[in-house]
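What follows is calculated from the coordinates using simple rules that are stated; it is not laboratory data. Just so you know, these numbers come straight off a predicted model, no measurement behind them. With ideal geometry, Cβ positions are generated from the backbone for all residues, glycine too; neighbour counts draw on all protein chains shown.
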Amino acid sequence: MGFTTGVKLGSIRIEKLFEVNYPVLTKVLQYIREHKLITPGDLVVAGISGGPDSMALLYILLQLRDRLNFKLAAAHLNHGLRPEAADEEKFVCDYCQNMQIPFYSRRLDVQEIAARGKKSLEEAGRDCRYQYFAELAAELGATRIATAHHRDDNAETVLLNLIRGSGIKGLRGIRPVNGIIIRPLLCVDKNEIESYLSENSIKYCIDLSNYSTDYLRNRIRHNLLPLLEQDYNPRIVDGLNQLADIAAAENDAMETETARFGEELIIKQEADEIILDVPGILQLHPAYQRRIIMQTLSTIHGENSWDATDVKLITNLLSKPGSSRRLQLKQGLYVKKVYEQIIFTRKVLKKISFNYKVTVPGQVYIKETGKTFSFQLLEGKDFKPQAGDSYLDYDKIKGQLYLRSRQPGDAFRPRGMQGTKKIKDFFIDLKVPQAQRDQVPLLVAEQKIYAILGLRIAQDAAINKTTSRILLITEIKVGN
């Protein structure tokens, strides 16, 4: 039932006829145009389960295909969860063959995938569907993936996120466009879809699991929404969709501002690690602080898995003095505050341990840290200190020298101080990040620490006017 706009029958345009006979089709066409969901030449992959909503979507896209000049294909994921799954796959396949729509399918054991990933069946099924659709789209060169979410689905999502304590971002509900994913049916409700199916004699499958109250979304659909509609607001679906649109507009404004702030706060950014400036974050309004954290989490590990609890754990770190213990969040992400920096990382911290014999003169390469140090002897009269180098009275050192990493209980007497100080406390005083402390080489002979390279010389090896031989230790930088 394709149609052409702009052709006249007397004084009545064909589009007017469709407003009377096919209001759903007209609504969807206008919605696609308004939100630029499809452009000429697009290849649209429609995700089709065989249920009423997806079959309506497929038929509508088929009717609009020539009018909007796009190519259409259908994709079905067999979850393997119910005995009827194979019949539903065959039903969609047969329908597409009859309608000459290219059809693609995949079978997965979603139950096993859910158990392995410690996810609910609902979450695992959704993730598997979108992953399959994305992989198929890439394989086919598709520019759009269409799903059959409608206004009732959107209302359910807003309520679901509200119940979970979502922020304004969650109140946006389901958006018309998310990357290459489009939702052309968000302009129509369930009743309109059912009428459309009936009017066009479109067959579909019924998934009885959609009526199970084991899932929170189903309880919202079958219990909460009807209650709200009957006893509180007969137009609750419209109201929740309006809320979603308002929240989306305000969220976009906040996201734009947050992105501007975020660029100024980034100290370091890699694929698996982002470091932000804590004082800069604390100057922002708490709402923007939360946004910065959420954006960082999403950047480093995707959008779908973070909630208010994760954000709260991290915001609590910001105002704590000094450093914090490392938080281990889900998905293998770690967050730690190190003085005036907060680090988001997927890097697994491994304890570094090394111990290298030192020859004077000579060089030592520490493979665990990738650093190289040179050791030279100078005459006292040739002493010209350079920043970053270490200078020791060589004649005060007793025994074979070694470069090693710190050990439990290490202590030394810093130059100019009375008494000894634990290496751990020394690092804390100098605000050396915990992740870097095992990498700092100590110069040791006969269990006595003579220097913490790059940071401090021990009083036991400090040079003075009587020093005749100076041990110069220099880090050899790459390129030198």
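Taking Lys and Arg as +1 and Asp and Glu as -1, the other residues whose beta-carbon sits under 9 Å from that of Gly51 total -3. What is the calculated FRET efficiency for Lys357 to Arg326, with r their C-beta to C-beta distance and R₀ = 41 Å, to the nearest 0.05? Computed FRET efficiency for Lys357 and Arg326 comes out at 0.75. Relative to the dominant Cα principal axis of the chain, helix 85-98 is inclined by about 60°. Computed over the alpha carbons of the range 355-476, Rg followed by Dmax gives 13.7, 39 Å.
Once every DSSP H run of n ≥ 4 in the chain is given -39500 (n - 2.57) and the sum is divided by its residues, what mean residue ellipticity at 222 nm do you get, rounded to the nearest 500 deg cm²/dmol? Write down the numbers at each step before the final one.
Details: 16 runs with 186 residues, N = 480.
Calculated at 222 nm, the ellipticity per residue is -12000 deg cm²/dmol.
Can you tell me the FRET efficiency between Leu284 and Asn464 if r is taken as the Cβ-Cβ distance and R0 is 41 Å, rounded to the nearest 0.05? Efficiency for this residue pair is about 0.20. For the pair Lys421 and Leu224, the difference between a 0.36 nm per residue extended length and the Cα-Cα distance amounts to 64.5 nm. With a cut-off of 11 Å, note down the residues of the range 162-183 whose backbone N falls inside the zone around a label point 7 Å from the Cα of Leu216 toward its beta carbon. The answer is 162-166, whose backbone nitrogens lie closer than 11 Å to the label point. Close amide H pairs (under 5 Å, H built 1.01 Å from N) link Ala146 with Val45, Ala46, Gly47, Ile182, residues at least 5 positions away or on another chain. Taking every alpha-carbon pair under 8 Å whose residues sit at least 6 apart, the chain reaches a relative contact order of 10 percent. Here the range 194-341 is treated as a sphere whose radius is the Kirkwood value from Cα pairs; by Stokes-Einstein at 25 °C and 0.890 mPa s it diffuses with a coefficient of 129 µm²/s. Computing log10 I(q)/I(0) by the Debye sum over Cα atoms at q = 0.06, 0.07, 0.08 Å⁻¹ directly from the structure and comparing it against (1) -0.47, -0.58, -0.68; (2) -0.31, -0.41, -0.53; (3) -0.27, -0.37, -0.48 singles out (1). With Cα atoms defining each centre, the range 209-248 and the range 147-189 are spaced 12 Å apart in the structure.
What shape does the range 80-210 have by the C-alpha gyration tensor, where a ≥ b ≥ c are the square roots of the eigenvalues, rounded means a/c under 1.5, and otherwise prolate means a/b greater than b/c and oblate the rest? Mind showing how you got there, number by number?
Working: a/c = 1.42, a/b = 1.14, b/c = 1.25.
It is rounded, given that a/c, with a ≥ b ≥ c, falls under 1.5.
When peptides 208-215, 430-437 are sorted by average Cβ neighbour count within 10 Å, with the highest value leading, the order is 430-437, 208-215. If R0 is 35 Å, the Cβ-Cβ spacing of Asp389 and Ile266 corresponds to a FRET efficiency of close to 0.65. Is there a pair in Lys357/Lys396; Lys337/Lys384; Lys330/Lys424; Lys169/Lys337; Lys320/Lys421; Lys268/Lys421 whose C-alpha atoms are over 28 Å apart, and which pairs would that be? The answer is Lys337/Lys384; Lys330/Lys424; Lys268/Lys421. Restricting the range 239-268 to GluC sites (Glu not before Pro) that sit in a DSSP loop and have at most 11 other Cβ atoms within 10 Å of their own Cβ leaves nothing.
Exactly which trypsin sites (Lys or Arg not before Pro) in the range 213-296 are in a DSSP loop and have at most 12 other Cβ atoms within 10 Å?
Values: sites: Arg217, Arg219, Arg221, Arg235, Arg260, Lys268, Arg290, Arg291; in loops: Arg235.
Taking the range 213-296 and a limit of 12 other Cβ atoms within 10 Å, the loop trypsin sites (Lys or Arg not before Pro) found are Arg235.
Working note: Karplus 6.51/-1.76/1.60 with θ = phi - 60° gives the range 283-299 the couplings 6, 7, 4, x, 5, 6, 4, 4, 5, 4, 5, 5, 5, 5, 4, 5, 5 Hz, where Gly and Pro are set to x. Seen from a random direction on average, the alpha-carbon convex hull of the range 176-218 projects onto 4.6 square nanometres.
Pick out, in residue order, every one of the GluC sites (Glu not before Pro) in the range 365-450 that is DSSP loop and has at most 11 other C-beta atoms within 10 Å; say none if there are none.
Values: sites: Glu368, Glu379, Glu446; in loops: Glu368, Glu446.
In loop regions of the range 365-450 (DSSP not H, G, I, E or B), the sparsely surrounded GluC sites (Glu not before Pro) are Glu446.
Put a dot 7 Å past the Cα of Arg164, heading toward its Cβ, do the same for Arg106, and the two dots end up 2.3 nm apart.
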